[in-house]
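Structure first, then comments.
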Amino acid sequence: MDKTEVSAAPVKILVATIGNQDPISPKTQQPMAALTLFMEHRPSLVYLIPSAKRDDVKSSTYPQAVATRDEMLRWGAGQGFKPEVRVLSLDVSNATNTGEVFRETERHLKWIEDETRSFPERQFLVTWTSGTYQMSQAMESLIASGRLPGASAYYVANPEYLKEGEPRIRLIEYPPPRRRRPRIAIFVDHENVDPKDLQGLPERLRGRAEKIGDVAVAYVGAAYWKHKADQDEYSKANFTALSFPKGPEAADFSLLSLADLIAKARPDIDTYIIVTDDEHFFHGMVSVLDMGKKVLYWKRRDAIHRSWDTLQQKYGDSIKIESVQEIFRAAQQNKTPTKAGSLIKRKKRSGKKTYFEILTADEDSLRDILLEEIPEMKDGTVEIKSIARAKGKMSKIAVRSSKEGLDPVACCYGNGDVNISKIKGKINNEPIFFIQWYEQPEQLIARAFGEVDIRVGDIDTKTGTACVFVPPAQMGKAIGYGAVNVKTAGRLTGLQIVVKEETA
């Protein structure tokens, strides 16, 4: 389907899971959920999601998906329209494994969302009535949390169990999704913490975690504590210190059991941060990963065992392994991503390498609004290069155009500031500024400070710092209330900016 085609009406996109009775019930000879919704709404584009494509996967519904596709094309031809129907199989080894199914479903929905983003307008129609229980749970959870924006979800009753007078198709209503920061659980294996590294370590660990999300629980465990001062270090950082006197290995498994218990008792926790060098923990967190949770391993040593690498390949983006020294060293240089969210690729200040800026949850939500309200961003003509947001106070967005002669900043504001009015209406009139992206840091810094008359001084690409000089009368404006202006300028440019008063 030509996604550049302009249509007055939204493009209807059907997304449906496929079960073992699709496309037509063998008992009633009536269409099942996907085919029923297709006939009702006549979408132009269809994505069918069977449980798996491989024959070795139990309950694979790939043949049913192919039959559903063929039936849709046949019916569409009879009605005089030609839909595009695609089959996107889950790549799982077990169609009833909750963790595998959730990750694969999320990957497919994200791909569908990105693939169709360039349509002038789109309308998602979703049904998960068919398919395994795990597929239905994953789809329902993801759609309710805001995946596929504005999707209309439908329950389509199985004709075999339809009660007299009961409507076949029922719209499922959800409240608007609430965006929130990830909730985090921290577990520290104290046996693997070098005493010389302990000073201030708990506070630094918690501080780093709080830049990623909201810490819900924090535990540290040890077979025994040599010094009460060690426990006090953790207590000051609001860790719960636990003692397991049966030996180091017993302590490992006790702490793992606690992590598993927390995962089951607290479904609101999204991310688990584990500080350890012990292989027990890596293998022991498989059950947590299978629940669809993310696990960050902060290792004291740089070396990674081969088996760790194997599990990282299996669970993909759900596992990330980092050296504790590296994350703290990068944080000191202001190069460490501060929070979880979307990724924006941009040049390092040296101009030789690239790194990824990870957006905060607030910046990610603003990015979604921008893509929705600015037509040139929808079609890719204007690209977001960097976002810096202090929610409720100020947002700055650096943009560039892929089309020669087009002013990206003017596009963002829109004729008569129509775009900016819509955007500010969605973020409680928060001040928002668009600036032209420049590869040269001096130019970008100058634009990032807005109307303040600054002089850019030394820029140290190794430490990620820059110095700017400001006339005395404009110092307050340059820094901003609560330092919001200088902080957003720094985050926008990827540099720690020091503001100094210009002297004669």
*Residue check for Ala67: crowded, with 16+ Cβ neighbours inside 10 Å and either in contact (Cβ under 8 Å) with a residue 24 or more places away in the chain or under 30 Å from Asp290 (Cα atoms) (or both)*: yes
_Looking only at region 89-110, and only at residues there that are more than 17 Å from Ser145 (Cβ to Cβ) and free of Cβ contacts under 8 Å to residues at least 60 places away in the same chain, the one that is surrounded by the fewest Cβ atoms within 10 Å (Cβ to Cβ)_ = Ser93
*Does Gly450 satisfy being in contact (Cβ under 8 Å) with a residue 12 or more places away in the chain, more than 22 Å from Cys412 (Cα to Cα) and surrounded by fewer than 21 Cβ atoms within 10 Å (Cβ to Cβ)?*
no
*Tell me, yes or no, whether region 243-258 has at least one residue that is surrounded by fewer than 16 Cβ atoms within 10 Å (Cβ to Cβ), in contact (Cβ under 8 Å) with a residue 60 or more places away in the chain and of a type in the set (Asp, Glu).*
no
*asked:* Checking Ile112 against (1) aliphatic (A, V, I, L, M); (2) within 24 Å of the chain's Cα centre (by Cα); (3) modelled with pLDDT under 90, only one condition comes out false. Which one?
replied: (3)
_Out of the residues in region 378-388 meeting the condition of being over 15 Å from Ala448 (Cα atoms) and either surrounded by 14 or more Cβ atoms within 10 Å (Cβ to Cβ) or outside the structural domain of Gly480 (by TED's automatic domain parsing) (or both), tell me which one is farthest from the chain's Cα centre (by Cα)._
Thr381
*Only residues that are of a type in the set (Val, Ile, Thr) and more than 10 Å from Leu90 (Cβ to Cβ): list them for region 35-59, please.*
Thr36, Val46
*From Lys264, Lys293, Lys299, which residue is touching an Asp or Glu at 6+ places or on another chain (Cβ under 8 Å), closer than 25 Å to Phe102 by Cα and modelled with pLDDT under 85?*
Lys293
*Among the candidates Gly494, Gly476, which residue alone is of a type outside the set (S, T, N, Q) and surrounded by fewer than 19 Cβ atoms within 10 Å (Cβ to Cβ)?*
Gly476
*Lone qualifier among Glu84, Glu71, Glu121, Glu100 - being touching a Pro at 6+ places or on another chain (Cβ under 9 Å), over 28 Å from Ile369 (Cα atoms) and not hydrophobic (A, V, I, L, M, F, W, C)*: Glu71
*Just checking, which of Val452, Val486, Val456 is assigned to a strand (DSSP E or B) and of a type in the set (A, V, I, L, M, F, W, C)?*
Val456
*Within region 460-488, how many residues are at positive phi and without any contact (Cβ under 8 Å) to a residue 40 or more places away in the chain?*
1
*How many residues does region 456-473 hold that are surrounded by 14 or more Cβ atoms within 10 Å (Cβ to Cβ) and of a type in the set (D, E, K, R)?*
0
*Quick one: count up the residues across region 389-409 that are small (Gly, Ala, Ser) and surrounded by 14 or more Cβ atoms within 10 Å (Cβ to Cβ).*
4
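The values are calculated or read from the model by the stated rules, or taken from the named source; none is laboratory data. Just so you know, these numbers come straight off a predicted model, no measurement behind them. As a convention, Cβ positions derive from the backbone with ideal geometry for all residues, glycine included, and neighbour counts pool all protein chains shown.
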